[in-house]
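Worksheet: one structure, shown below.
The values are calculated or read from the model by the stated rules, or taken from the named source; none is laboratory data. None of these values were measured; they are calculated from a predicted model. All Cβ positions, glycine included, derive from the backbone under ideal geometry; neighbour counts span all protein chains shown. These area figures cover heavy atoms from the full protein model, side chains too; ligands, DNA and RNA do not enter into them. Shrake-Rupley method; radii C 1.70, N 1.55, O 1.52, S 1.80 Å.
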Amino acid sequence: MNKLNSKTDTQKLTFHDILMQQLYLTRLCFRTAPGAMTLHIFEAVKLQVSIFFEFTWCTNYVLEVAERGEPWSKILWCMGILIAAIILSTVSAAIYEHSVQPKMKPALYRAFRMEIYKSSAQIDLAYYDDTAFYQKFILATGEADACIDRYLETLWIYCGHTVQFILALSFCLSLDPYVLIIPLLASPFLLWSCMKENKAVIQARMERVPYEQRREYQNRVFYLADYARDLRQNPKMQEKCGMDFQHSNDEIGKINRHYGKTITLFGFLAEAFNILIVSYGITLSLLLYQAMILKSLSLANLVTVFYAATTVTDRLTYLVMSWKTIAENSTYVAQIRTLLDIPPTILSRKGQSVPKHPCELRLSHVSFAYVPDRPVLQDISLQIKPGQKIALVGYNGSGKTTLVKLLLRLYDPTEGQIFLGNTDIRDYDVMEYRNAIGSVFQDFKIYAATLKENVLMDVASDTKEEYYDVEKALYDARFTLRDHRLLYQIETPLTTEFEKDGVNLSGGEAQKVAIARTLYRRQNLIIMDEPSSALDPLSEYLLNQELNEIAKDKTVIFISHRLSTTRDADCIYMMDHGRIIESGTHEKLLALGGKYAAMWNVQASLYHTSIS
Ligand code: ADP
């Protein structure tokens, strides 16, 4: 199932689609930096106007004055005005380039990225299960800054060069309209060969994308620390990744060679036809004939009309060639906007507020499937009273994490209902509901921010209370601050990615930070999916004792493979193939002698020594 609509391949974008994408970028940029954008256009137009006056109008004037033997003072005046205009123009260009542009670009990047981030935070998690969607998402968002750059560049070209085209055209029409007949007659061929070249360039680029993505992935495997140890232990995998990298390179080479011939052929046709035949071949001959034989054109006019006529065809070609960039850019913008327009399906039906007091959580005949007809959870019913400690246990793939995802409303059940209090959780405001649950997943992330920010998961307000609460949450999660590496205590930056004083935490330490996050927020319901899997058995035991104490008035649902962690739970649910097959206290389940008891017996022998 491809959740991105198909209008995102360049070949399929119509002229209207391309215009719509350009309009979107225009609105975004002008809304973000109206003054700077106006200056951007002004500078583009000014540059081309000054080129026209310098090389066409002034040259023509100076040559005519000289040819007619008029006073040299006229030339001096003209040169003086030109020099003054060039100085003024250079100053304003420098101000734009060095003062306006460096501020404008980051502001535009930020505005575009904020739109993407805002909407990607709301996209249903289910979309991430779709590989095609995910690949396009990565590709499109990775191009966000480049989209702005390309837009600014093509806006510059189109505004400036259109003006230059009109000026040169008017100049030719006023002096020698016939000189334009051949270039204009030739322009359809020129446009056709440019379009052919454009199409081949875009097709080649599109075909390269999957291989470039693979190459990028293999590149990451070689430089990311996550893989470094693993690759050293498994040199064969290193070899395989190297081969995959080579394969991607070869495929990219093949595509380049395949389209290279077409691109070169049509590029050469356009250039050769335009420069050799149209400009120097026909146009110059015609002008020489008029000036030398018919004497209907002055030498001054010959030079400047020839220059203006070549400018007309040059600008036309340039505008057509730039259409390639516009079309390509529109492809990315269309992809990004498709992402922005995906409506979230996990919505609130009534927008009710979540109760502040602890409430009962109830699942009634809940079933769920990621993919139709492949149920992962089947007919789950359970009731969790406020303050209860609940354990979900079972073998890998039995559906524990999926159940937790439903509880967090990252997905909605395919059948059945989940109630918090007496209200279906679909009636609560989604963000408020999710925020009311503290969760620690196995794959939590540590951010390149301070230890404090990693606990807050927010911008610090730097109050004394906040400082104290963060320290307390870390203390309760048994994270030790008496570590010589934490030079600035909770203000110490984590990860060494950007800070030389940064600290890389061990797996166990990082897990404690993740647990401190939920303790800091003081939610009534805490869900922990294998929160202590990176801890050694003794640390895990101590942390669980601590958690039971800190969270004694909270409802806690935890998933753990280590049954020693779950034995003190008020109720243990044993899951198998998406169903709850046994439930009750540890003692009850042992007495039952079922799958839980079997699992316990295997693990007890393994963990016995370290826990007791
Ligand atoms: P557990 O937490 O008990 O190990 P999970 O809930 O992670 O089990 O997975 C239950 C089943 O759902 C597994 O068969 C797994 O392959 C499948 N599954 C998990 N996530 C997805 C997903 N995003 N898309 C499709 N299938 C999934």
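Taking the Kirkwood radius as Rh and the Cα radius of gyration as Rg, region 1-124 has a ratio of Rg/Rh equal to 1.23. Across all Cα atoms of the chain, the radius of gyration (one decimal) and Dmax (whole number) stand at 34.5, 118 Å.
Computed extension length for Lys500-Tyr488: 3.0 nm, one decimal, from 0.36 nm per residue of separation with the Cα-Cα distance subtracted. With the simple model of a label 7 Å out from the Cα in the direction of the Cβ, Phe189 to Leu19 spans 3.0 nm. Residues Asp230, Asp149 ordered from highest to lowest accessible area at a 1.4 Å probe: Asp230, Asp149. The residues Cys147, Cys571, sorted by heavy-atom accessible surface at 1.4 Å with ligands and nucleic acids left out, run Cys571, Cys147 from largest to smallest. Expressed to the nearest 5 percent, the antiparallel share of DSSP beta bridges inside the chain is 50 percent. Report, in deg cm²/dmol and to the nearest 500, the calculated mean residue ellipticity at 222 nm for the chain, where each DSSP H run with n ≥ 4 adds -39500 (n - 2.57) and the sum is divided by the residue count. Taking each H run of at least 4 residues, the total per residue is -20000 deg cm²/dmol.
Using the Cβ of Thr585 as centre and a radius below 15 Å, the other residues enclosed give a net charge of 0, where K and R count +1 and D and E count -1. With only the Cα atoms considered, region 371-502 has a convex hull volume of 183 Å³ per residue.
Measuring against 26 Å, Cα to Cα, the residue pairs Lys405/Lys554; Lys199/Lys254; Lys400/Lys552; Lys350/Lys400; Lys46/Lys105; Lys464/Lys512 contain Lys350/Lys400 as the ones spanning a longer distance. Between helix 34-52 and the chain there is an angle of about 30 degrees, using the helix long axis and the longest principal axis of the Cα atoms. The slack in the chain from Lys350 to Ile83, taken as 0.36 nm per residue of separation less the alpha-carbon distance, amounts to 89.1 nm.
Each listed q (0.11, 0.24 Å⁻¹) maps to a log10 I(q)/I(0) for region 292-371, found by the Debye formula over equal Cα scatterers with no solvent: -0.70, -1.16. Packing here is the average count of other Cβ atoms within 10 Å per residue, and on that basis the peptides 486-492, 64-70, highest first, run 486-492, 64-70. Ligands, DNA and RNA aside, Val602 has an accessible area near 90 Å² when probed at 1.4 Å. Axis angle, to the nearest 10 degrees, between helix 59-68 and the longest C-alpha principal axis of the chain: 10 degrees.
Placing +1 on the Cβ of every Lys and Arg and -1 on the Cβ of every Asp and Glu, with nothing else charged, gives the chain a dipole about its Cα centre of roughly 580 debye. Packing, as the average of other Cβ atoms within 10 Å across residues, places the peptides 97-106, 384-393, 419-428 in the order 384-393, 419-428, 97-106, highest first. Summing charges over neighbours of Ala186, with a neighbour being any other residue whose Cβ is under 14 Å away from its Cβ, gives -2 when K and R count +1 and D and E count -1.
Between helix 464-476 and the chain there is an angle of about 50 degrees, using the helix long axis and the longest principal axis of the Cα atoms. Could you check how much of the accessible area of region 322-424 is carbon and sulfur, as a whole percent, using a 1.4 Å probe? For region 322-424, the apolar C and S fraction of the accessible surface comes to 50 percent.
In this view, the solvent-accessible surface of Thr26, computed with a 1.4 Å probe and all protein chains in place, comes to about 50 Å². In plain terms, the bigger the Kirkwood radius, the slower the diffusion; for region 408-469, with that radius from Cα pairs, at 25 °C and 0.890 mPa s, Stokes-Einstein puts D at 169 µm²/s.
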